[in-house]
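Colleague: The following block contains the structure, expressed as structure tokens.
The values are calculated or read from the model by the stated rules, or taken from the named source; none is laboratory data. Given the structure is predicted, the values throughout are model-derived calculations rather than measurements. Counting neighbours? That spans all protein chains shown, and the Cβs are built from the backbone with ideal geometry, glycine included. Just so you know, the surface numbers come from the protein's heavy atoms only, side chains and all, with ligands and any DNA or RNA stripped out. Shrake-Rupley method; radii C 1.70, N 1.55, O 1.52, S 1.80 Å.
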Amino acid sequence: MSPTPTSKEIVSERIERLGIIEEPGTSEIVQTTQATPPTATRGWFQANTTLIKVPSHRTIEQLGAILEKGSTKNLSESLRCLSNPYHENRGREDIVFDLFKLNGTNEASIGKLITVLKGLGLRRDDPRLKEMMLKLRTFTKLEEELNHEMRDPNHWKLPKDQFIECISPSTALISQALQNNLVIPCWPIFTEKIKNIYLMCKEVRDGQCAQYIPQLARGDPEKFGVSICTVDGQKASWGDSKIPFCVQSVSKAFNYAIAASELGANFVHDYVGQEPSGRFFNEICLDPNGKPHNPMVNSGAIVVTSMIQPKLDTADRFEHVLTEYRKIAGGEYVGFNNATFLSERSSADRNHAIAYFLKENKCFPEGVASLTETLDFYFQLCSLEATCETMSVMAATLANGGVCPMTGERCIAPGACRDVLSLMYSCGMYDASGQFSFSVGLPAKSGVSGIMIVVVPNVMGIALWSPPLDKMGNSSRGVAFSKELVKQFNFHNYDCLLHTESTKFDPRRRDTRERDQCVPVLFAARDGDMAAIRRLYMQGADLSVSDYDQRTPLHLAACEGHLEMVRFLVSIAKVDATVKDRWGLTATDDARNFGQITCVEFLEAATQGQSISRKSSSEDFSLFDSFNDSPVSDPSDKARKSHERPRFAIDEQQCD
Ligand SMILES: NC(=O)CC[C@H](N)C(=O)O
């Protein structure tokens, strides 16, 4: 067994490793060329109410390439300012204008801005960019009449005042996108992988179109469309993503969400269970309590449908649900296929039998008079028409906790959203639900038209449409796509386990994880908890992070007088001792203000330009070694040893 590495070896390994930093937003590791560990130049800044990450080197390179900006230095500075605007009286609009400014002019290329946004997944028809596009059209129309070349977006350039007027309604989104701070930062890499999965699954030939509804029996088995929409509104599509189809049983999920939002889940579940049925979706059966097993099978869905706005007449009930669907879809196409409605209604003996069985067992709420009306309403909702583009936004609204990512509108109540995802997870794929949740591990809902939606909570919604169904009534290509998706990406519900050996690609933005590390680092520094700070350091945590007041671990350790911690942060973790908080104070200022003399002396020495070179870091190694021996004496240690924390009092000199 190899001997336990000495602290010197650990640190040297750590320092060597520090030469390798994980580029946030990609799973690729980028070897830096720095001889010494990265300094604390990529701190955290607070803008508005969220911590915004300073763009990674990868982002700057990507954006620099798109912008054809030679020097990425000022690009980096511009992007950093974007996360901390109004710093030098330059608003975000000014910074964006500078990023796209045409050299030697007072104009900027808004065409290039649109191109960059598209490369990050934000389309021109994004409702959040609508005002910008309308203003742009106004401005360019004038130009267009002058010369036809203005038809090409890449020629769309505007003077500063018009550029700023154009982008100001969407500056927050543009700023977030340019900082690569959307939920899937490396959009091109991610969508390339999705396209390859699409092409792979297009070759799947299993299954047959549904035969019991004549209109569906005529479906084209070759059709296959895929659309994705993230919770930040990033969108991409492949194949037959714009061809309309009937939503069929996918409507069960949204009808339940609407009913539970309007009536409360408790009321709904007084009449419908929450258990998988283990039967085919249109079996005539009830659970042991005499209720339909769940809202995702026909019996449960017919009862749920009967609960939606029962006091309205049929036209207004339909209109109400259509409006709700269109809200959830962020304005994407939702129509109605009358031919399918008539075709289904004329071949619905099984559903009529289910309805009479439900009535016989008193499964409907009070006041449900007409079974015909109820069934017609159910068939109408099954015959609502949509495309993959539509369904991906509806699925993304579920992924986003009930708020539509394209409009920011709250469409489904939070509790109802949680409940519908739970039921999709356990019952959404009919009698294949257990196998699907085992192998894919994501909430999903299928329909006999070949539509299937898959929800990756807090990340995205996916719509898959291909008419051939497997023997469980689910789209064969849709199921194959879902299995391959979670084979490549760590989206499975339990891929998030700590200490997993998964080597899957994680396309998500990193900041939540780094932000989670920020808090323990700050508390460890404040408490002088050397064991914790060492552990975090060896786990790769960035000890130069700062909170929303730009307070760093060094500030906190200096205030508390934890000399050992201060020395570790400066000498080993190489944090920048000159970083100022929002009030312009450095750690040295804090130590002085709180009378931590030993810390003042050390920090003055450290920040008087005494370079902490690698040679002296061997002294640091000894310093680090000393961390393992008796720690350097630290006045606050006495207080800590006596289990009494050193009190903070500006008016009381605590340090002798
Ligand atoms: N699984 C499905 O999509 C079934 C829906 C269809 N309208 C029916 O009631 O049978």
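Colleague: Considering only residues that are touching a Ser or Thr at 6+ places or on another chain (Cβ under 9 Å) and under 20 Å from Gln234 (Cα atoms), which ones fall in region 410-427?
Modeller: Cys411 - this is the single residue of region 410-427 that is touching a Ser or Thr at 6+ places or on another chain (Cβ under 9 Å) and under 20 Å from Gln234 (Cα atoms).
Colleague: Separate question: Just to verify a result, which residue in region 283-297, among those that are touching a residue at least 60 places away in the same chain (Cβ under 8 Å) and surrounded by fewer than 21 Cβ atoms within 10 Å (Cβ to Cβ), is nearest to Leu421 (Cα to Cα)?
Modeller: Leu286
Colleague: Can you pull out every residue in region 533-552 that is surrounded by 17 or more Cβ atoms within 10 Å (Cβ to Cβ), small (Gly, Ala, Ser) and farther than 24 Å from Gly584 by Cα? Outline the logic, then answer.
Modeller: To start, the set of residues in region 533-552 that are surrounded by 17 or more Cβ atoms within 10 Å (Cβ to Cβ) comprises 533-534, 536-537, 541-547, 550-552.
Filter again for small (Gly, Ala, Ser), leaving 541, 544, 546.
Scanning region 533-552 gives a single hit, Ala541.
Colleague: Just the residues that are away from the ligand (no atom under 12 Å from the Cβ), part of a loop (DSSP other than H, G, I, E, B) and at pLDDT 95 or above, please, taken from region 366-391.
Modeller: Thr387
Colleague: For region 238-291, which residues satisfy the criterion of being within 16 Å of the ligand (Cβ to nearest atom), under 27 Å from the mean Cα position of the chain (by Cα) and either part of a helix (DSSP H, G or I) or modelled with pLDDT under 95 (or both)?
Modeller: Val250, Ser251, Lys252, Ala253, Phe254, Asn255, Tyr256
Colleague: Also, quick follow-up: Between Lys202, Lys195, which is free of Cβ contacts under 8 Å to residues at least 60 places away in the same chain and closer than 21 Å to Ala444 by Cα? Give the derivation first.
Modeller: Numbers: Lys202 fails: free of Cβ contacts under 8 Å to residues at least 60 places away in the same chain.
Result: Lys195 is the single residue among Lys202, Lys195 that is free of Cβ contacts under 8 Å to residues at least 60 places away in the same chain and closer than 21 Å to Ala444 by Cα.
Colleague: Could you please tell me which pairs satisfy a Cβ distance under 8 Å, a separation of 6+ or placement on different chains, a first residue in region 444-457 that is small (Gly, Ala, Ser), and a second residue that is modelled with pLDDT under 95 and more than 8 Å from the ligand (Cβ to nearest atom)?
Modeller: What qualifies is Ser449/Leu216; Ser449/Gly219; Gly450/Gly219.
Colleague: Would you point out the residue of region 323-341, among those that are more than 13 Å from the ligand (Cβ to nearest atom) and hydrophobic (A, V, I, L, M, F, W, C), that is surrounded by the fewest Cβ atoms within 10 Å (Cβ to Cβ)?
Modeller: Within region 323-341, the first condition is being more than 13 Å from the ligand (Cβ to nearest atom), and the residues that meet it are 323-336, 338-339.
Add one more test, that the residue is hydrophobic (A, V, I, L, M, F, W, C), and what stays is 328-329, 334, 336, 339.
Details: Ile328: 27, Ala329: 27, Val334: 23, Phe336: 14, Ala339: 11.
Ranking the candidates gives Ala339 first.
Colleague: Within region 186-206, identify whether any single residue is of a type outside the set (A, V, I, L, M) and within 16 Å of the ligand (Cβ to nearest atom), and answer yes or no. Break it down into steps so the answer makes sense when it comes.
Modeller: Our first condition is that a residue be of a type outside the set (A, V, I, L, M); within region 186-206, this holds for 186-188, 190-193, 195-196, 198, 201-203, 205-206.
Next cut, within 16 Å of the ligand (Cβ to nearest atom) only: none.
No, region 186-206 contains no residue that is of a type outside the set (A, V, I, L, M) and within 16 Å of the ligand (Cβ to nearest atom).
Colleague: Oh, and also: Mind checking which residues of region 407-429 are assigned to a loop (DSSP other than H, G, I, E, B) and crowded, with 24+ Cβ neighbours inside 10 Å? Lay out the reasoning, then the answer.
Modeller: Taking region 407-429 as the starting set, the residues that turn out to be assigned to a loop (DSSP other than H, G, I, E, B) are 407-409, 411-413, 428-429.
Of everything in region 407-429, those that are assigned to a loop (DSSP other than H, G, I, E, B) and crowded, with 24+ Cβ neighbours inside 10 Å turn out to be Cys411, Ile412, Gly428, Met429.
Colleague: Here are some conditions: (1) out of contact with any Gly (no Cβ under 6 Å at 6 or more places or on another chain); (2) assigned to a strand (DSSP E or B). Cys229 meets all but one. Which one does it not meet?
Modeller: Of (1) out of contact with any Gly (no Cβ under 6 Å at 6 or more places or on another chain); (2) assigned to a strand (DSSP E or B), only one is false for Cys229: (1).
Colleague: Is it the case that region 85-93 has a residue that's out of contact with any Gly (no Cβ under 7 Å at 6 or more places or on another chain), assigned to a helix (DSSP H, G or I) and at pLDDT 70 or above?
Modeller: Taking region 85-93 as the starting set, the residues that turn out to be out of contact with any Gly (no Cβ under 7 Å at 6 or more places or on another chain) are 86-93.
Those still in the list that are assigned to a helix (DSSP H, G or I) too: 92-93.
Filter once more, so that each one left must be at pLDDT 70 or above: 92-93.
The answer is yes, given that some residue of region 85-93 is out of contact with any Gly (no Cβ under 7 Å at 6 or more places or on another chain), assigned to a helix (DSSP H, G or I) and at pLDDT 70 or above.
Colleague: Here is a follow-up. So Asn181 ticks every box in (1) more than 16 Å from the ligand (Cβ to nearest atom); (2) of a type outside the set (D, E, K, R); (3) surrounded by 16 or more Cβ atoms within 10 Å (Cβ to Cβ); (4) part of a helix (DSSP H, G or I) but one. Which box is left unticked?
Modeller: Failed condition: (4).
Colleague: Of the conditions (1) more than 16 Å from the ligand (Cβ to nearest atom); (2) surrounded by 14 or more Cβ atoms within 10 Å (Cβ to Cβ), Glu344 satisfies every one except a single condition; which number is it?
Modeller: It is condition (1) that Glu344 fails.
Colleague: Please determine, by comparing only the residues of region 462-478 that are touching a residue at least 60 places away in the same chain (Cβ under 8 Å), within 11 Å of the ligand (Cβ to nearest atom) and not aliphatic (A, V, I, L, M), which one is farthest from Lys235 (Cα to Cα).
Modeller: Gly473
Colleague: State yes or no: is Ala353 exposed (fewer than 15 other Cβ atoms within 10 Å of the Cβ) and either among the aliphatic types (A, V, I, L, M) or farther than 23 Å from Ala260 by Cβ (or both)?
Modeller: On the way: exposed (fewer than 15 other Cβ atoms within 10 Å of the Cβ): yes; either among the aliphatic types (A, V, I, L, M) or farther than 23 Å from Ala260 by Cβ (or both): yes.
For Ala353, the condition - exposed (fewer than 15 other Cβ atoms within 10 Å of the Cβ) and either among the aliphatic types (A, V, I, L, M) or farther than 23 Å from Ala260 by Cβ (or both) - is met.
Colleague: For the structure I just gave you, tell me whether Met394 is open to solvent by less than 10 Å² (accessible area, probe 1.4 Å), touching a helix residue (DSSP H, G or I) at 6+ places or on another chain (Cβ under 6 Å) and assigned to a loop (DSSP other than H, G, I, E, B).
Modeller: Working: open to solvent by less than 10 Å² (accessible area, probe 1.4 Å): yes; touching a helix residue (DSSP H, G or I) at 6+ places or on another chain (Cβ under 6 Å): yes; assigned to a loop (DSSP other than H, G, I, E, B): no.
The answer is no for Met394.
Colleague: Within region 96-111, count every residue that is more than 18 Å from Ser168 (Cα to Cα) and either surrounded by 23 or more Cβ atoms within 10 Å (Cβ to Cβ) or touching a Cys at 6+ places or on another chain (Cβ under 9 Å) (or both).
Modeller: Step one: list which residues in region 96-111 are more than 18 Å from Ser168 (Cα to Cα), which gives 102-105.
From what's left, either surrounded by 23 or more Cβ atoms within 10 Å (Cβ to Cβ) or touching a Cys at 6+ places or on another chain (Cβ under 9 Å) (or both): none.
Summing the residues that are more than 18 Å from Ser168 (Cα to Cα) and either surrounded by 23 or more Cβ atoms within 10 Å (Cβ to Cβ) or touching a Cys at 6+ places or on another chain (Cβ under 9 Å) (or both) in region 96-111 gives 0.
Colleague: When the residues of region 306-322 are filtered to those that are among the charged types (D, E, K, R) and at pLDDT 95 or above, which remaining residue is surrounded by the fewest Cβ atoms within 10 Å (Cβ to Cβ)?
Modeller: The qualifying residue surrounded by the fewest Cβ atoms within 10 Å (Cβ to Cβ) is Asp316.
Colleague: If I ask for residues that are among the hydrophobic types (A, V, I, L, M, F, W, C), assigned to a loop (DSSP other than H, G, I, E, B) and within 16 Å of the ligand (Cβ to nearest atom), which ones from region 430-461 would you list?
Modeller: Here is the first cut: in region 430-461, the residues among the hydrophobic types (A, V, I, L, M, F, W, C) are 432, 436, 438, 440, 442, 444, 448, 451-456, 459-460.
Those still in the list that are assigned to a loop (DSSP other than H, G, I, E, B) too: 440, 442, 448, 459.
The answer is Val448, and nothing else.
Colleague: Condition first: in a helix (DSSP H, G or I) and at pLDDT 95 or above. Now tell me which residues in region 191-216 satisfy that. Talk me through it step by step, then tell me what you get.
Modeller: To start, the set of residues in region 191-216 that are in a helix (DSSP H, G or I) comprises 191-202, 214-216.
Across region 191-216, the qualifying residues are Thr191, Glu192, Lys193, Ile194, Lys195, Asn196, Ile197, Tyr198, Leu199, Met200, Cys201, Lys202.
Colleague: Does at least one position in region 603-613 carry a residue that is of a type outside the set (A, V, I, L, M) and modelled with pLDDT of 90 or more?
Modeller: As a first pass, look at region 603-613 and keep what is of a type outside the set (A, V, I, L, M): 604, 607-611, 613.
Subsequent filtering for residues that are modelled with pLDDT of 90 or more retains 604.
There is at least one residue in region 603-613 that is of a type outside the set (A, V, I, L, M) and modelled with pLDDT of 90 or more.
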